[in-house]
There are 4 protein chains.
Amino acid sequence: MNKINKKAQINNETGLGTNTTLSGGGRFFNRDGNPNMDVRGMNLWERLNIYHSLLTMSWFNFLTVVVIYFVTTNLLFTGIYFLIGIDHLGGLMEVTGIELFGEVFFFSAQTFTTVGYGRINPIGFAASFTASMEALTGLMTFAIATGIMWGRFSKPKAYIRYSKNAIIAPFRDGIALMFRMVPYTRNYLVNVEVRVTLAIHVEEDGQRKNRFYNMPLDIAKANTMTANWTLVHVINEESPIYGFTKDDLTNARAEILVFVQGFDESVSNTVVSRTSYTYEEFIFGAKFLPMYHPNEDGTKTVLHLDQLDAYESVTLPVK
Amino acid sequence: MNKINKKAQINNETGLGTNTTLSGGGRFFNRDGNPNMDVRGMNLWERLNIYHSLLTMSWFNFLTVVVIYFVTTNLLFTGIYFLIGIDHLGGLMEVTGIELFGEVFFFSAQTFTTVGYGRINPIGFAASFTASMEALTGLMTFAIATGIMWGRFSKPKAYIRYSKNAIIAPFRDGIALMFRMVPYTRNYLVNVEVRVTLAIHVEEDGQRKNRFYNMPLDIAKANTMTANWTLVHVINEESPIYGFTKDDLTNARAEILVFVQGFDESVSNTVVSRTSYTYEEFIFGAKFLPMYHPNEDGTKTVLHLDQLDAYESVTLPVK
Amino acid sequence: MNKINKKAQINNETGLGTNTTLSGGGRFFNRDGNPNMDVRGMNLWERLNIYHSLLTMSWFNFLTVVVIYFVTTNLLFTGIYFLIGIDHLGGLMEVTGIELFGEVFFFSAQTFTTVGYGRINPIGFAASFTASMEALTGLMTFAIATGIMWGRFSKPKAYIRYSKNAIIAPFRDGIALMFRMVPYTRNYLVNVEVRVTLAIHVEEDGQRKNRFYNMPLDIAKANTMTANWTLVHVINEESPIYGFTKDDLTNARAEILVFVQGFDESVSNTVVSRTSYTYEEFIFGAKFLPMYHPNEDGTKTVLHLDQLDAYESVTLPVK
Amino acid sequence: MNKINKKAQINNETGLGTNTTLSGGGRFFNRDGNPNMDVRGMNLWERLNIYHSLLTMSWFNFLTVVVIYFVTTNLLFTGIYFLIGIDHLGGLMEVTGIELFGEVFFFSAQTFTTVGYGRINPIGFAASFTASMEALTGLMTFAIATGIMWGRFSKPKAYIRYSKNAIIAPFRDGIALMFRMVPYTRNYLVNVEVRVTLAIHVEEDGQRKNRFYNMPLDIAKANTMTANWTLVHVINEESPIYGFTKDDLTNARAEILVFVQGFDESVSNTVVSRTSYTYEEFIFGAKFLPMYHPNEDGTKTVLHLDQLDAYESVTLPVK
């Protein structure tokens, strides 16, 4: 430890503070790029961003919420129709018990969804008023539902996959840390920028502290990302991990944070993506296998997405 | 007054003019970052941005507008059905008075919401035409309502909270003005930039004038803001308030305007946020208490949102 | 003519070509900032951007399109029901002529809007199939209508007004060309940038040509535009119109193109606005009157939108 | 080959790798700017971005998907109603066979679209429950359909056309590679930037490799693009194709990739557009004919879109 390269460029724009005393053994960021953090001290309701939750929950949960809301609202209106008195609903065929309840409940459902078959229909002011309010509620509800369904569908997202490992590979006369990524849908990104930050534990004044360093990339921008792209951090004298052995990286609990930003031309929106690799996901002495080759008649390039993680072991040059 | 540091960098990009003679005792910006300003000389109707109003009014007001619109439109169509003659509506059960009015009104509501039970239904050209126009109106209305509901839900917003006070704290060998902010939902901001401007009253040629200065920050950018972030303006020889005492700041009615801009990755949109602190919200001799610590087993960070405003008094170094 | 200042900075990024032989007496840009240009050589249908047209036409035209579409579609389906045979519609009360046509037409309308009262209803495969396709068509249509209504409402726009005239006013030791603008709704712009370009006719080699020059502004950026903002182009030795008299500007048919770009924080979107002033809209020897002052008790600023165009005549310094 | 100008600036931000061994005779990019590439190794389902597909398929395909979905869902619900037993549907007029099936199927359609005439209506819990779920499904479906229709309509896009050919034309004292583009709708772009990259085959160490070079443009930015714009790459000593003959370009299978980015002010969104020209689309010795001229009374400019591709042959200067 404390082997950190003095020439390395400290990154004090991580948003994680320069003096953080965070430590422990956990990773800073989860594999999905979100912080490995618990938030307390504000009740859930205040923190809840309903819109955001409805947008990001799974489809199964979302549909469950929809059905629960639908049943609950109809139960509520069913109760109101009973309070008003069922003699204010024309066309009922049942007179007692659960069958009657069912008829009123489904009259409510027919009103809420604005199907309105009409066999059962409201008679008199109170029932008619309730029915019109229920139809209005139904329409407003489906207005929101429409928006949320659309939001779920159209949520801009970077459709890229990252290689499972970051590798330490021979590069030019030395070595480099590499990982790669590939777009897997037809949403191509343009004006892509990648930033990599190293998070590392150092010992200062007998205390474990976190430090953050820039990991400059050989090429950090791409006009268009239509195929796989290998990001290369050359481990030279400017690198914060220059001279680090595997053990050094392990002791320092090294973690690299990857931030990708690009413009998705198919939806005309900027999207970002983040991930992280910890020292346990580094492979020493490896090189990535090619992912693409010309097709049979030489008129097209063929890209193999399933080769994203493929590497072979190689011997690193002795430095 | 007029102690203003000659080395300080005038900010003439505040959009508030360089020569403003605005004075009085009021603050420039409200706590929500909007200007403390009255606008006159254009009638409300011209200035009204209906869309913007419907988007930003409270949910209670919005629902009130919806209900009023709903009732008014139905009253209007009810009137038309009466003009046409109620013998052109089939299925009515009442023949006079308020009950009849109710039946026609709710027929209208059933048409407007497209429920269309059908017990009551239009007969003949005039009534049928009116009903079809009402259904069309209803559908167009709910088209707009859908959009607005969605707009209200999806309105991009920076979900951050600011500390109640800005503090003057010891920093390195001197002092600094600090405030902090924290994201309180899971909408993380990336590429965050913060700009702080000082608004101050100076006396020039025997006249009170407003001047604006940049307040450079120690760190003004963050790649990702996932936890609390303390913004630090070092009060050194470049600072516009270098050498100011508490009384000086009070006399000059100092106010700092804070502007935060970032990219909300969860909705892929740029968002901004503003706030301001006046001299009355400055605390002299304080330092913020930490907001986070490792969890029990050292695998995660725990962030306490309720500690955002927490500070303890400290003695400032004598300069 | 040909007095043009040699030191002035040619703007070759106007998108109007550097060598344009456009001339005639017309202005380059209309007052709304759109080019004063006719486009030919592609039929209207190809050039038509239906979405864009529906979004930008007046509300009156838009509603007319909706009603025409509604009536036409219903006429079409009415025709189909007659082809199938009206004995396949149950519940009709009329048997001949225009009344029968009316009943079928409004049955169609009830289906298209999904009101579906049900007195009249389809019997048999052909009529039922047609009705279900009509309901589907109706729903798809209202899906599009919903989107367009929303698009019309939410179309981001810079809510700013420009002063009617640009004025030549005394400024510091010399003179300047000025105009001003003001936001008139509560949609405040942040990160505002203004660019001004001069379009001017020059005579070269005995031929009239158009030339474009940058008009640098004293202050061209504003962090926030919450009140009126006077844009100032100092007519000094760098100015393309340095030394021009009123006659010179008239002969050269001088026109300034104004481009404003900002971020509307209330809708989190970048908006732009353009306008132009021709030599006929320049006022020589004037200065703008103030638009704001403190309120009665000195706690707020009062902004008078109706003072936007107000100026008083002044004598220009003799240079 | 290998004539490549040593002074030319290599572009290593193409996102296509610096060391690519891609070759064969195919073009890199199709005329629409998308990569000429096959993607394999991930099953279609994983790669499918349903939203993106529904947004970009033709209107015919989209409507086919809608109808198939509509029929399938109704068949499914028809099956359920038969399972429950048709005695739970009131108002049926047919008792057997295909006619009965038709009545149930269209009852389902009336429910799914929420028309709900009501002649046929559900009786009892099971049928009523199924009908209410069908109405709910219908509403959710049309919520999604609404969003997608809107997405298809509002998809931001650069409405520009490119000239069919790139030409090698006399320019100043030498020659230049030129192509032009024109906006063909009223969606004007502002802040337009154009980047051109040359992709070329070179022979290195006896192996064919691809190399990418920047093609600097005489003017690469435009404040506003309201008319045609000719992009000019001067073939001078800095150009990667300086000294190339037509045969050289053919042997090297030269291809230029064009990337245009701008801000569409009418929808307030950034849009991008790409295209490519291969050596087969280059015309040696040509110049573009003018596309615009003043109108009859000299008050407007007339732009002829059909002249976009028009050029005349000229003799290139002997260098």
Problem - Folded to 0 to 90 degrees: helix A:59-84 orientation relative to chain A principal axis, Cα - result: 20
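Probe of 1.4 angstrom, ligands and nucleic acids ignored: what's the accessible area per residue over the protein assembly as shown, in square angstrom?
On the way: 53090 Å² over 1276 residues.
Accessible area per residue: 42 Å².
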Handout entry: Percent antiparallel among DSSP beta bridges (both partners in chain B, rounded to 5)
Key = 95
Completion exercise
Taking Lys and Arg as +1 and Asp and Glu as -1, residues besides A:Thr113 with C-beta under 14 Å from its C-beta add up to -2
Handout entry: Karplus-derived HN-Hα couplings along the stretch C:282-287 (A = 6.51, B = -1.76, C = 1.60, θ = phi - 60°), whole Hz, x at Gly and Pro
Key = 8, 10, 8, x, 8, 9
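Based on Cβ point charges of +1 for Lys and Arg and -1 for Asp and Glu, what charge dipole magnitude is obtained for the protein assembly as shown about its Cα centre, in debye rounded to the nearest 20? Don't skip to the end; give the middle numbers.
Values: 108 positive and 116 negative charges, 642 e Å.
Here the protein assembly as shown has a charge dipole of around 3080 debye.
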Completion exercise
For B:Lys221, placing the label point 7 angstrom along Cα-to-beta-carbon and taking the stretch B:157-192, residues whose amide nitrogen sits under 11 Å are B:191-192
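Once neighbouring chains are kept in place and the probe is 1.4 Å, which whole percent of the accessible area of chain C is contributed by carbon and sulfur?
Details: 7290 of 13260 Å².
Carbon and sulfur together cover 55 percent of it.
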Completion exercise
With one decimal in nm and the nearest listed first, the spacings from D:Asp205 to its own position in the other copies, using label points 7 Å along Cα-to-Cβ, are 5.3, 5.3, 7.5
Completion exercise
With a Förster distance of 60 angstrom and the Cβ-Cβ distance between C:Asn30 and A:Phe82, calculated FRET efficiency to the nearest 0.05 equals 0.40
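Quick one: divide the alpha-carbon radius of gyration of the protein assembly as shown by 2.2 N^0.38 Å and tell me what you get.
On the way: Rg = 34.9 Å, N = 1276, 2.2 N^0.38 = 33.3 Å.
Dividing the Cα radius of gyration by 2.2 N^0.38 Å gives 1.05.
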Fill in the blank from the handout: Per-residue accessible area, 1.4 Å probe, largest first, puts C:Thr137, D:Thr315 in the order D:Thr315, C:Thr137
Fill in the blank from the handout: Sorted by chain and number, the residues with a modelled amide H under 5 Å from that of C:Arg40, at a separation of 5 or more or across chains, are D:Leu303, D:His304, D:Leu305
Fill in the blank from the handout: Among A:Ala131, A:Tyr51, A:Ile80, the residue whose Cα sits farthest towards the positive end of the charge dipole of the stretch A:41-157, when +1 is placed on the Cβ of each Lys and Arg and -1 on the Cβ of each Asp and Glu, is A:Tyr51
Exercise for the section: With r as the distance between the Cβ atoms of B:Ile10 and D:Glu203 and R0 = 56 Å, compute the FRET efficiency 1/(1 + (r/R0)^6) and round to 0.05. Expected result: 0.40
Problem - Probe 1.4 Å, all protein chains present, accessible-area order of A:His88, B:His201, largest first - result: A:His88, B:His201
Completion exercise
Whole-Hz Karplus couplings 3J(HN,Hα) for the stretch D:254-265, θ = phi - 60° and coefficients 6.51, -1.76, 1.60, Gly and Pro as x, run 4, 9, 10, 9, 10, 10, 10, 9, x, 10, 7, 5
Exercise for the section: May I ask you to report, in nm to one decimal and beginning with the shortest, the distances from C:Glu312 to the same position in the other copies, taking label points 7 Å along Cα-to-Cβ? Expected result: 6.1, 6.2, 8.7
Problem - At 7 Å out from Cα toward Cβ: B:Thr56 inter-copy label distances (nm, ascending) - result: 2.7, 2.7, 3.8
Problem - Average silhouette area of chain B, convex hull of alpha-carbon atoms, in square nanometres - result: 25.6
Problem - For the axis carrying chain A to chain D: nearest C-beta residue of A, whole Å - result: A:Gly118, 3
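Run the helix sum for chain B: -39,500 (n - 2.57) per DSSP H stretch of 4+ residues, divided by residue count, reported at 222 nm to the nearest 500 deg cm²/dmol. Write out the running numbers ahead of the final one.
Working: 6 runs with 89 residues, N = 319.
Helices in chain B give a 222 nm mean residue ellipticity of -9000 deg cm²/dmol.
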Fill in the blank from the handout: Longest principal axis of chain D (C-alpha) makes with the long axis of helix D:125-154 (C-alpha) an angle, in degrees to the nearest 10, of 20
Completion exercise
SASA check, B:Asp87, accessible area w/ 1.4 Å probe, all protein chains in place, rounded to nearest 10 Å², comes out at 120
Exercise for the section: Report, ordered by chain and residue number, the lysines lying within cross-link reach of B:Lys164, taken as a straight Cα distance under 26 Å and ignoring same-chain residues fewer than 8 apart. Expected result: B:Lys155, B:Lys221, B:Lys246, B:Lys287, C:Lys300
Handout entry: For D:Thr270, residues with placed amide H under 5 Å, excluding near neighbours
Key = D:Asp264
Problem - Within straight-line cross-link reach of A:Lys157, aspartates and glutamates at Cα separation under 14 Å, skipping those fewer than 8 residues along the same chain - result: A:Asp32, A:Asp264, A:Glu265, B:Asp264, B:Glu265
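Counting only protein chains, not ligands or nucleic acids, how are A:Lys6, D:Lys7, A:Lys155, C:Lys287 ordered by accessible area (probe 1.4 Å), most first?
Working: A:Lys6 180, D:Lys7 120, A:Lys155 55, C:Lys287 95 Å².
Descending accessible area places them as A:Lys6, D:Lys7, C:Lys287, A:Lys155.
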Problem - Protein heavy-atom accessible area occluded, B/C pair - total, 1.4 Å probe, Å² - result: 5600
Completion exercise
Reported to the nearest 10 Å², D:Leu289 has, with a 1.4 Å probe, an accessible area equal to 50
Practice task
Pop out the ³J(HN,Hα) list for the stretch D:90-100 in order, Karplus 6.51 cos²θ - 1.76 cosθ + 1.60 with θ = phi - 60°, rounded to Hz; leave Gly and Pro as x.
Solution key: x, x, 5, 9, 9, 10, 9, x, 5, 5, 4
Problem - Members of the stretch C:201-227 that become less accessible by 50 Å² or more once partner protein chains are added (1.4 angstrom probe, chain alone as reference) - result: C:Ile219, C:Asn223, C:Thr224, C:Thr226
Exercise for the section: Please calculate the 1.4 Å probe accessible area of D:Arg211, with all protein chains present, and give it to the nearest 10 Å². Expected result: 40
Practice task
Give the long-range amide H neighbours of B:Phe284: residues separated by 5 or more places, or on another chain, with amide H under 5 Å away, using H modelled in the peptide plane at 1.01 Å from N.
Solution key: B:Ile168
Practice task
Sum up the charges of everything whose Cβ sits under 14 Å from the Cβ of D:Thr96, counting Lys and Arg as +1 and Asp and Glu as -1, but leave D:Thr96 out.
Solution key: -4
Handout entry: Point-to-point label distance, D:Asp309-A:Thr96, nm (Cα→Cβ direction, 7 Å offset)
Key = 8.4
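The values are calculated or read from the model by the stated rules, or taken from the named source; none is laboratory data. The shown structure was predicted, so the numbers you read here are calculated from the model rather than taken from an experiment. Backbone-built Cβ (ideal geometry, glycine too); neighbour counts: all protein chains shown. Note: areas computed on protein heavy atoms with side chains; ligands, DNA, RNA excluded. Shrake-Rupley method; radii C 1.70, N 1.55, O 1.52, S 1.80 Å.
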